[in-house]
Amino acid sequence: MERREEDEDTKAIAQSEDQEEQDYDDEEKREDDDDDDDDEEEEEEGAAADKRDDEDKDVSDKDAAEVKEKKKKIKNVFQDRKCVPGIIYLGHIPPRFRPKHLRNLLSVYGEIGRIFLQPEDRQVRKRKKKAGLRRCDFTEGWVEFRDKRVAKKVAASLHNTPMGTRKRQRFSSDLWCMKYLHRFQWIHLSERLAYEQTVLNQRLRTEVSQAKRETNFYLNNVEKSAHLDKLRKKRQRDGEQVEEKTWDFTQRQTEEEIQMKKKKKDSVSQKHLDKARLMEQKSQSNVSLLAKIFNSKPSQ
């Protein structure tokens, strides 16, 4: 009986050990399956991440390409766009100031194109020549910058500032007098200069024609007077009476004569005033007498 019980106990223990081993194997299989599933999920997630990275790279490459294309377009636009020139007007030009000085002073701020300085009037130059000065000064000027934005900045920053940057520098005591000419082109200046030149030429032509007419009139009168003198001498030789013509003309009054006339008029007017005062006094005296006569009471 005891052996049977021991055998039964050993069988039960063996069965329990087998059961435990089987359970352990099942658990290991489950863990392996779970690990396989996790590995598969990780692989799927890695593939998805790689796909996302590839997509992001593609998008970033596309954006970079678009940005590059935009930059190229902007550069092409700026290259194709021509720089519109701007013109600055100079209202004051100091003595001994020349275009080369102007170019040297303003070329620091930007590229300069054409420069024009208006010379002085001819009469002023003639006076200077008589006084012994042979130099030609300028009264106003125009400067053309290649870019109008630079011209605007230069006119706004340099207006009413000294021309020289140092005290001992030339033209340091003079101030810039600048103004940017909005929508002004060099053609307008050339048209204006051409108009002034045509006006000057027309004036010169009229003066020359007037001088020619005066000289021709004088020469014709000289010829007529010489011909009349010859006729008069011939008639005198023949014994005929010659009637001398007299010219009736009125001389223009001088300033002294005009002043004398004014004084005479003033004296005449003064005489008239004195007469009027005397008449007033007499009339007043007569009025007082008549008043005394008619206002006197009748005698009783």
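For E207, E196, the ranking by accessible surface with the largest value first comes to E207, E196, using a 1.4 Å probe. Rolled with a 1.4 Å probe across the full set of protein chains, the surface gives C136 an accessible area near 40 Å².
Approximating the spin labels as points 7 Å out from Cα along Cα→Cβ, the N160-to-A64 distance works out to 5.4 nm. Distance between the pseudo-spin-label points of K152 and E256 (7 Å out from Cα toward the beta carbon): 7.1 nm.
How big is the charge dipole of region 186-233 about its Cα centre, in debye rounded to the nearest 20, if each Lys and Arg gets +1 on its Cβ and each Asp and Glu gets -1 on its Cβ?
Using Cβ point charges on Lys, Arg, Asp and Glu, region 186-233 gives about 380 debye.
For the set F217, F145, the ranking by accessible area, highest first and with no ligand, DNA or RNA atoms included, is F217, F145 under a 1.4 Å probe.
Subtracting the Cα-Cα distance of Q169 and N221 from 0.36 nm times their residue separation leaves 12.2 nm of extension gain. In the context of the full set of protein chains, region 186-233 has a per residue accessible area of 86 Å² (1.4 Å probe).
Quick one: Kirkwood hydrodynamic radius for region 186-233, alpha-carbon pairs, angstrom, one decimal?
Result for region 186-233, one decimal place: 13.7 Å.
Inter-label distance, K130 to Q236: 4.5 nm, where each label sits 7 Å from its Cα along the C-beta direction. Seen from a random direction on average, the alpha-carbon convex hull of region 78-184 projects onto 8.0 square nanometres.
In terms of accessible area, using a 1.4 Å probe and ignoring ligands and nucleic acids, K282, K167 rank largest first as K167, K282.
Over region 186-233, with every protein chain in place, what whole percent of the accessible area is carbon and sulfur at 1.4 Å, could you tell me?
It is 60 percent, rounded to a whole number.
For region 147-259, the relative contact order works out to 12 percent when only alpha carbon pairs closer than 8 Å and six or more residues apart are counted.
The values are calculated or read from the model by the stated rules, or taken from the named source; none is laboratory data. Model, not experiment: these values are computed from the prediction. Quick reminder, even Gly has a Cβ in these numbers, built from the backbone with ideal geometry, and neighbours come from all protein chains shown. SASA here: full protein model, heavy atoms, side chains in, ligands and nucleic acids out. Shrake-Rupley method; radii C 1.70, N 1.55, O 1.52, S 1.80 Å.
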